[in-house]
Amino acid sequence: MGLGPRSPNKAGRQFPAGGKRGRGAKGSGRFLRGREQHPRPPADRGSERTPDGHPHLSPEALGYFRRALSALKEAPEAGEERALMVHNVLKEVETQALALATNRTGSEMLQELLRFSPLKPLCRVWAALRSNLRFVACHRCGVHVLQSTLLQLPRLLGSPAEEEKEEEEEENGKDGSLETLEELVLGLASEVCDDFLFYCGDTHGSFLVRTLLQVLGGTLLESERARPGGSKSSETQRVTTRESKPTDFEVPEVFLNCLQNLSSCFLKDIAVFITDKISSFCLQVALQILHRKLPQFCAYLCNAVIGYLSTRSSSGAGSPLLLFLRDQTSSRLLEQVLLVLEPLRLQSLFEDHFQGHLQTLAAHPIANFPLQRLLDAISTPELLSPVFEELSPALEAVLAQGHTGVVIALVGACRRVGAYQAQVLQLLLEAFHCAEPSSRQVACVPLFATLMAYEVYYELMEEEGAMPAEHQVEMATARTLGEVTVLGSLLLQHLLHFSTPGLILRSLGSLTGPQLLALAQSPAGSHVLDAILTSPSVTRKQRRRVLQALKGQYVSLACSRHGSRVLDAIWNGAALGTRKEIASELGEQNQELIRDPFGHHVARNVALTTFLKRREAWEQQQSAVAKRRRALNSVLED
């Protein structure tokens, strides 16, 4: 889920991709491999006490861990040498865990080191931090170390504990009483449960709660692991979030019981978790995890949220719930509730609270987002029918307001349910001013892709009330393709998966080679080509008719970041004859391809050197590949 502030940015604006959270700088020192060259810890153990009583990491200790991390990254991934280095470095970490975790650079290095850690050293580091849990969990650097420790569970859970030599136990003063990984997780959950409201409400502590919920449920949410940066719009962030898939892993049954107990804490202070921005994030994550692992308890929690909101006093006509749909914090929680509700409960929620207010919600800068989630959750014709009838007359007005996500979600619901597809396409044609005269319909793809009306895209000056001019083919072919938007690409992908995508395919077929090339090379537009290749509604003949415009453009396609990926997809689904055509055209510019950072990968996938030097062997190889692909497809179909 996007955690940034809401922004009523106009749909269709492009934003740069967000960067990942930075790591600590690598040390400049390089080490020769071998046990004698391992970095040596500072003699003073590297930490000093500050006036507040917490240890402070000295520059010498920081330098040691930086060099140690650099050496670990350079060491071979497997082997005794690396295992020994990991053991020695983590031994030092254990004695300075708190100082490392609460230092900005040290925290980032410790997170990297934990990725290499075996089971027992990780448990020791965890145990060293646990005595200062509240301080570390609410520290802006320390909490990320606790998160990283928890995120090692999919790798280590259930792994056999390492055998420790008796003399090593005596040397380190170990008495064998170290808690197991399961015990540490359950102990952490117990401590968090005892002060649940505090941890959930703390800016940094809430990160720990959200990660703990995921680990207990055996589900890692991509939206929680990624830390998006940059200036993405609210709608683009939500698109990315909805498309990301959770990662599941096995957890013991006691974890799921603990998850339910921990989630029960939300019920004690439900009002806080609905209205407080930071605490609300924890409840949103809990609903996602419970929906996958404990659906009955998820439904119970959703009913508690809806029940509370429905009983609040309303200042005007309509359900009290409508007020919360317009609130930044509560609406985010309601978005998640809508996505996890069962179909029958969703139908009753619509009838009790949403029906009759859809157009008002679609026009609101905040309430349009939970409306999008309602549309995303529709899975039955019984619910789609009243929603479509109420919302469809305002489709052009919603687009004009810049709330394109509502229209995309409605089109997606029509695709998913398999109803109202012809009607929504006609409404889109009218909204983009290309329904009449009918000659304009062939221009719909560039308009949908760029989210521009016909006269805006082609820069026409039409008087209000005048008869729309006929489509001019010469004008259309002479114009370069406009910038493809993310939401425009999503709209076309949905339409290509309609049961009869004939109009969209005819419009795509009318594009010139350079225009189709520009679509394939666009970061967003390349996914439209993916939809052509994967949609079950597009026949092989229709696919070939659209893609033939790319003949003569294969080299440009291969030398493009996104175009090369499209060409690979075309190649994987192509028959032998088409592969010969592609290889022949690429072979004419073999040297250019080899020098290009993207083209040389395409040349390798096509086996271009073999094609140019040993054509017969190449054809035998491709025939064998095609035969294996047909056999695999027949197995998958069975």
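Values computed for the structure shown
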| item | result |
| --- | --- |
| Cβ-placed point charges (K, R +1; D, E -1), dipole of segment 344-475 about Cα centre in debye, nearest 20 | 720 debye |
| Vicinal HN-Hα couplings computed from phi for segment 555-568 (Karplus, 6.51 cos²θ - 1.76 cosθ + 1.60; Hz; Gly/Pro x) | 5, 4, 5, 5, 8, 10, 4, 8, x, 5, 5, 5, 5, 4 |
| Summed side-chain charge close to LEU344 - residues other than LEU344 whose Cβ falls under 13 Å, Lys, Arg +1, Asp, Glu -1 | -3 |
| Spin-label model distance (nm) - SER348 vs HIS87, 7 Å beyond Cα toward Cβ | 6.1 nm |
| Phi-based couplings in Hz for segment 263-273 (Karplus 6.51, -1.76, 1.60; Gly and Pro marked x) | 5, 5, 5, 5, 5, 5, 10, 4, 4, 5, 6 |
| Cβ-placed point charges (K, R +1; D, E -1), dipole of segment 283-374 about Cα centre in debye, nearest 20 | 220 debye |
| P(r), alpha carbons of segment 415-563 - 10 Å bins starting at zero, rounded % | 11, 43, 35, 10, 1 |
| 5 angstrom amide H check on SER560, placed H, neighbours 5+ away | none |
| Computed log₁₀ I(q)/I(0) - Debye formula, equal Cα scatterers, no solvent, segment 373-489, q 0.11 Å⁻¹ | -0.39 |
| Shape metrics for segment 378-435, restricted to C-alpha atoms - Rg then Dmax, Å | 10.8, 31 |
| FRET efficiency estimate (nearest 0.05) - Cβ-Cβ, THR500 to THR477, R0 41 angstrom | 0.95 |
| Gained length - GLU80 relative to ASN572, 0.36 nm times residue gap less alpha-carbon distance | 172.9 nm |
| Whole-Å distance, taken between Cα centres, linking segment 574-611 and segment 493-550 | 22 Å |
| Per-peptide average of other Cβ atoms within 10 Å, ordering 183-195, 492-504, 569-581 highest first | 492-504, 183-195, 569-581 |
| Separation in nanometres of the label points that stand 7 Å from Cα toward Cβ, at SER439 and HIS56 | 8.0 nm |
| Shape call, segment 277-409: gyration tensor on alpha carbons, a/c limit 1.5 | prolate |
| GLN260/GLU390 FRET efficiency (R0 25 Å; Cβ-Cβ; nearest 0.05) | 0.05 |
| Amide proton proximity set for HIS56, modelled H, under 5 Å, gap of 5+ | GLU48, ARG49, THR50 |
| Residue-count net charge about LEU511 - beta-carbon cut-off 14 Å; Lys, Arg +1, Asp, Glu -1 | +4 |
| In Hz, Karplus ³J(HN,Hα) per residue of segment 61-74 (6.51, -1.76, 1.60; θ = phi - 60°; x = Gly, Pro) | 5, 4, x, 4, 5, 5, 5, 5, 5, 4, 5, 4, 5, 7 |
| Per-peptide average of other Cβ atoms within 10 Å, ordering 395-405, 592-602 highest first | 395-405, 592-602 |
| Extension gain (nm, one decimal) between ARG115 and GLN548, 0.36 nm per residue minus Cα-Cα | 151.1 nm |
| Solvent-accessible area per residue, Å², over segment 348-402 with all protein chains present [probe radius 1.4 Å] | 35 Å² |
| Computed lengthening from ALA469 to ARG615, 0.36 nm per intervening residue step minus Cα-Cα distance | 47.2 nm |
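The values are calculated or read from the model by the stated rules, or taken from the named source; none is laboratory data. The structure presented is a predicted model; accordingly, all values stated were derived computationally and were not measured. A quick note on method: Cβ atoms are made from the backbone with ideal geometry, for glycine too, and the neighbour counts reach across all protein chains shown. Please note that ligands, DNA and RNA were not included when accessible areas were found on the heavy atoms of the full protein model with its side chains. Shrake-Rupley method; radii C 1.70, N 1.55, O 1.52, S 1.80 Å.
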